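Here's the structure we're looking at; comments come further down.
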Ligand SMILES: *Cc1c(COP(=O)(O)O)cnc(C)c1O
């Protein structure tokens, strides 16, 4: 493909993408295909000779689209949103064209420098403490990771290295391994599996602590666990607090956890993967109370801030604790030149060596939406969740299971046992709608998330109507089933 072919194909691709996204509402949300469907549709081996572009483009509808779950359909209400916007796509096109591997400042200065400025922009938009900003000229700074899981992992590695160093001051004869065996990390029982996964990968014991009736991790639960574990000879060193848990969008109490972490020398990491984007709106910042205690903080602009995957923002109060934990020098990589204002060599801030120019899409999104455009997006989606909540409230077959805080509504049919699991399955089988579940007090609740940026009030109503229709059918079936099971009861009474 030469430049003139690229110009033609590129324009066609852009048209295809715009048509796809503008008409996505008409597509069935989840596909009908069975596992292994795709292999049958394409040859067993790569082509010997070049094929024409038109053949490739036409195969997108034939091969790919039948197997796509349309995450940006306004009827997709599963998991959490994943960002998608034209500005971000444009940023990614440019990133692909530059195609640098920005592992150091020298490797492509703009790649590193734009990222440092974007991390400061973002921190200011969210109202994060100044100590996370490069521009505050302290030890703080931010970095774009691929995912929240990676952010949580590297934060834990930094905390672990620090804890080992701290322990050695008192016990110079202990080995790293002996200390690691004693380290214990905490999170809430409702934390994302990324927290436990990070601990698994870092060979760290990790305890999920009980939350209160609001699904919030409180200071008392942490204090109790610390006391217990210290008595058992362990070294508590790390707490992962969640702002906006994945299951229920619950918020851990940083104003209680923070002072305990400070007094006990525990690293406090805050995972706000989904909810973090909402903090660009001042009215949601009360959920951030206590964030000044955090040693590190992450959220995913690729979830709710209209930035396409992947883009997870991580800040540290003291970035040298991360770089010293994961730095590994490589003789074939040129060091960045000496400078009065040294720039980060971001390869020392992450697991991988290579990294994409991800700050471009962030820059494009922040400029082409502006703060007010992004705030409007968040407020609209929270408003739609409130509309859905009202609809649920008006139908007495249902109840709201968890207070609605942002764009997630956890609700349930008032029905016993495993009814809600079966009900959800029946809804998802229509493929007109897609939702997932969580548990509250051991029983299933259905999660309705406002995901796609195109979702409007009519879409919410449309989804609700489907849920109501399936409920009517489901409850009739349940009634018939229980009658079948207990036919004799009525007979006995007669
Ligand atoms: C989605 C989510 C994650 C995981 O995000 P990835 O970027 O996919 O790793 C972690 N924590 C919370 C609270 C989340 O909601």
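The values are calculated or read from the model by the stated rules, or taken from the named source; none is laboratory data. What you are looking at is a predicted structure, and each value in this text was computed from that prediction instead of being measured. Reconstructed Cβ throughout: ideal geometry from the backbone, glycine too, with neighbour counts over all protein chains shown.
Going through 431, 425 one at a time, which residue ends up being modelled with pLDDT of 95 or more and in a helix (DSSP H, G or I)?
On inspection, the qualifying residue turns out to be 425.
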* Criterion violated by residue 113 - all others in (1) in a loop (DSSP other than H, G, I, E, B); (2) farther than 30 Å from residue 245 by Cβ satisfied -> (1)
* Asked: Which residue, of 306, 257, is over 29 Å from residue 345 (Cβ atoms) and in a loop (DSSP other than H, G, I, E, B)?
  -> 306
* To do: Can you give me the number of residues within the range 440-469 that are under 30 Å from residue 378 (Cβ atoms) and either over 22 Å from the mean Cα position of the chain (by Cα) or exposed (fewer than 15 other Cβ atoms within 10 Å of the Cβ) (or both)?
  => 15
* **Tally, over the range 415-439, of residues that are surrounded by fewer than 18 Cβ atoms within 10 Å (Cβ to Cβ), touching a residue at least 12 places away in the same chain (Cβ under 8 Å) and farther than 19 Å from residue 466 by Cβ** => 2
* Would you check which residues across the range 7-43 are within 28 Å of residue 427 (Cβ to Cβ), assigned to a helix (DSSP H, G or I) and more than 26 Å from the chain's Cα centre (by Cα) and list them? => 26
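Step by step: first the residues of the range 191-210, then only those that are more than 25 Å from residue 176 (Cα to Cα) and more than 14 Å from the ligand (Cβ to nearest atom), then the one that is surrounded by the fewest Cβ atoms within 10 Å (Cβ to Cβ). Which residue is that?
210
Please verify whether residue 366 is farther than 25 Å from residue 473 by Cα, in contact with a strand residue (DSSP E or B) (Cβ under 9 Å, 6 or more places away or on another chain) and outside any loop (DSSP other than H, G, I, E, B), treating the condition exactly as stated.
Values: farther than 25 Å from residue 473 by Cα: yes; in contact with a strand residue (DSSP E or B) (Cβ under 9 Å, 6 or more places away or on another chain): no; outside any loop (DSSP other than H, G, I, E, B): yes.
Against the criterion (farther than 25 Å from residue 473 by Cα, in contact with a strand residue (DSSP E or B) (Cβ under 9 Å, 6 or more places away or on another chain) and outside any loop (DSSP other than H, G, I, E, B)), residue 366 does not qualify.
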* Residues of the range 118-143 being touching a helix residue (DSSP H, G or I) at 6+ places or on another chain (Cβ under 6 Å), farther than 13 Å from residue 319 by Cα and within 16 Å of the ligand (Cβ to nearest atom), which ones? -> 126
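Could you list, in sequence order, all residues of the range 267-290 that are touching a residue at least 60 places away in the same chain (Cβ under 8 Å) and within 16 Å of the ligand (Cβ to nearest atom)?
269, 271, 273, 274, 275, 276, 277, 278, 279, 284, 287, 288
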* Structure fact -> Output for Cβ contacts, cut-off 6 Å, separation at least six or different chains, first residue more than 18 Å from residue 163 (Cα to Cα) and in a helix (DSSP H, G or I) in the range 188-203, second at pLDDT 95 or above and near the ligand (Cβ under 10 Å from one of its atoms), reads 194/148; 194/149; 194/152
* Structure fact -> Among residues of the range 259-294 being touching a strand residue (DSSP E or B) at 6+ places or on another chain (Cβ under 7 Å) and under 20 Å from residue 234 (Cβ atoms), the residue surrounded by the most Cβ atoms within 10 Å (Cβ to Cβ) is 269
* Asked: Identify, please: which residue in the range 171-180 is in a helix (DSSP H, G or I) and without any contact (Cβ under 8 Å) to a residue 12 or more places away in the chain and is, among those, nearest to the ligand (Cβ to nearest atom)?
  -> 177
* Taking the stated definitions as given, is residue 264 within 30 Å of residue 449 (Cβ to Cβ) and more than 16 Å from the ligand (Cβ to nearest atom)? -> no
* Asked: Can you pull out the residues in the range 264-293 that are within 22 Å of residue 154 (Cα to Cα), assigned to a loop (DSSP other than H, G, I, E, B) and under 19 Å from the mean Cα position of the chain (by Cα)?
  -> 272, 273, 274
